[in-house]
Amino acid sequence: MNKATAQIPGKLYLAGEYAILTADQPALIMAVDRYITATVSHSNSPDQGTIESDQHVWEYRRKNGLLDFDQLVESDQHFWRYAHAAIALVEQYVKESNKNVTDYHLQITSDLIDVDGQKLGFGSSGAVTLAIILSLLRLYDLDPKSSIILYKLAAIAQTKLNATGSFGDLAASSFGGIVYYKSLNRTWLEEELSKNYSLTDLLNKKWPGLEIESLSEDLPIRLYFGWTGTPASTDHLVGYLKEQLPHNQSDYQNFVTEASRTVQDLYQALALGDSARVIELIDLYDSLLRALAGDYGLDIITPKLDFLIGSAHSLNMGAKSSGAGGGDCGIAIDSIDDPIDKQIHLFNLWLEGNVKPLELHLAPRLYKI
Ligand code: PMV
Ligand code: MG
């Protein structure tokens, strides 16, 4: 192919955040229709090409067959680490597929940010990893046409970076829609990667622990998204929680048990079309997060998020923070049977308290099945 594009949606947690960091726990995560887009075309200069994003540009050179990342003098290590890992992995895959690695111009654009350039907290590193991987695979005519293979490639790239999250963002962004997700066994993957492995074999294996299931897009609820205007650091909050776990395991264990049950029930209620129960369970998850925050002194529910949730409650909607909290977004949930004009009331309330309603919808599935 001469030119290829990949559009990868951002994600937001419906429920299961924090508990998903523990093995065998489920989460429900939504892909939302804001995207990272990667466009790639062949470069005519051998061993040279460009990588560009809204904030970065790099005219790369290839040395000994690999992009010479040592050459790169850039302050934003974060972006380049992910880009490097994604590119290196695709090139390994291309070689294993008996194709020649070529050079290219790769351009990445994002609408996971607000007009003034602030991150909205939709999981951009996961979407960037996936967008680079998929656009390059398409350039080499190697589109796997499989969300699970894409997820696995991105999870391998990020594991090589020692990324610590649950990879829930990768699951939602590689599938689209809403996914029921259980994370892979990290120790297993690290052991596999420490062997002299074949990527193709590893991708074809069943990965212990991993479960990703797409939910029906026919939902009994309406979803509303509000942005607090404050970007939050997931790493900071999760790091702080992890520091404290050796001193107090039991509160976290109780949280995980309750969270797991709540997510399972929510999965069922969604499947049964029971909107009243969905709303009840969203509120239950909110109270579990508040208890976790109290037990470990975590600033999950900021005053803005509390206001966002309270406003939804005043209209008999369910509501909670989404993801790590501490800022970013919250969600509100209404029954599909309730009057649609409640949305206007909710948005007006939010605006009065400086919460920005976001024009967001579930992103369609990446591959139709
Ligand atoms: O704030 P977000 O949307 O990045 O979600 C973080 C979810 C956590 O469970 C707290 C962390 C993780 O990696 O799953
Ligand atoms: Mg967040």
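Read-outs throughout are calculated quantities, based only on the coordinates presented, and are distinct from any laboratory measurement. Predicted, not measured: the structure shown is a model, and the values here were computed from it. All Cβ positions, even for glycine, are placed from backbone atoms using ideal geometry, and neighbour counts span all protein chains on display.
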So, with points 7 Å from each Cα along the Cβ direction, the residue 306-residue 1 label distance in nm works out to 4.9 nm
When a footprinting reagent is the concern and you count Cβ atoms within 10 Å, what order do 159, 109 take, fewest first?
109, 159
Could you work out [θ]222 nm for the chain from helices alone, using -39500 (n - 2.57) per DSSP H run of at least four and dividing by all its residues? Round to the nearest 500 deg cm²/dmol.
-13000 deg cm²/dmol
Would region 135-288 count as rounded, prolate or oblate if I go by the C-alpha gyration tensor, calling it rounded below 1.5 in a/c and otherwise prolate when a/b exceeds b/c, oblate otherwise?
oblate
Using only alpha carbon positions, build the gyration tensor of the chain, then give the equivalent ellipsoid semi-axes as the square roots of 5 times its eigenvalues, largest first, whole angstrom.
36, 22, 20
Mean separation of Cα contacts under 8 Å (6+ apart) over length of region 1-142, as relative contact order %
36 percent
Once you order the gyration tensor axes a ≥ b ≥ c over the Cα atoms, which shape class does region 303-369 get: rounded for a/c under 1.5, otherwise prolate or oblate by comparing a/b with b/c?
oblate
One finds, for residue 59 and residue 114 with R0 = 30 angstrom and r their Cβ-Cβ distance, a FRET efficiency to the nearest 0.05 of 0.50
Fully extended, how many nm does the chain gain between residue 78 and residue 352 (0.36 nm per residue separation, minus their Cα-Cα distance)?
95.1 nm
Nearest 10 degrees is fine. How inclined is helix 124-139 to the longest principal axis of the chain, computing both from alpha carbons?
40 degrees
What are the trypsin sites (Lys or Arg not before Pro) within region 292-369 that DSSP puts in a loop, where the Cβ has at most 14 other Cβ atoms within 10 Å?
368
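What translational diffusion coefficient, in µm²/s and rounded to a whole number, does the Stokes-Einstein relation yield for region 198-245 at 10 °C and a viscosity of 1.306 mPa s, taking the hydrodynamic radius as the Kirkwood radius over Cα pairs? Mind showing how you got there, number by number?
Details: Rh = 16.1 Å.
Answer, rounded: 99 µm²/s.
Fewest first, what order do 313, 105 take by the number of other Cβ atoms within 10 Å?
Neighbour counts put them in this order, fewest first: 313, 105.
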Here the alpha-carbon Rg of region 1-118 over 2.2 N^0.38 Å rounds to 1.27
Linear extension gain, residue 45 paired with residue 337, 0.36 nm per residue minus alpha-carbon span
99.2 nm
Length added when fully stretched, residue 145-residue 235, from 0.36 nm per residue minus Cα-Cα:
29.2 nm
Per the Cauchy relation, a quarter of the hull surface: what is the mean projected area of the convex hull of the alpha carbons in region 42-200, in nm²?
10.2 nm²
The exposure ranking of 228, 22, 257, fewest beta-carbon neighbours within 10 Å first, is 257, 22, 228
Helix 342-352 sits at what angle to the longest principal axis of the chain, using alpha carbons and giving 0 to 90 degrees rounded to 10?
80 degrees
Indicate the gyration tensor shape class of region 140-202 (rounded, prolate or oblate), computed on the Cα atoms with a ≥ b ≥ c the square roots of the eigenvalues: a/c under 1.5 is rounded; otherwise a/b larger than b/c is prolate and the rest oblate.
oblate
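Could you tell me which of the pairs 11/242; 99/160; 160/205; 119/356; 3/99; 11/95 are separated by over 20 angstrom between their Cα atoms in the structure shown?
11/242; 99/160; 11/95
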Nitroxide proxy distance, nm - points 7 Å out along Cα→Cβ at residue 314 and residue 192:
5.0 nm
Non-local amide H neighbours of residue 176 (under 5 Å, H modeled in plane, Pro and chain starts lacking H): which ones?
366
To the nearest 10 degrees, how steeply does helix 77-96 sit against the main Cα axis of the chain, on a 0 to 90 scale?
60 degrees
To the nearest 20 debye, region 222-369 has a Cα-centred charge dipole, built from +1 on Lys and Arg Cβ and -1 on Asp and Glu Cβ, of 380 debye
Which value, in debye to the nearest 20, gives the size of the charge dipole of the chain about its Cα centre, when Lys and Arg are +1 and Asp and Glu are -1 at the Cβ?
960 debye
If I take R0 = 35 Å and measure r between the Cβ atoms of residue 206 and residue 254 in this structure, what FRET efficiency does the formula 1/(1 + (r/R0)^6) give, to the nearest 0.05?
0.65
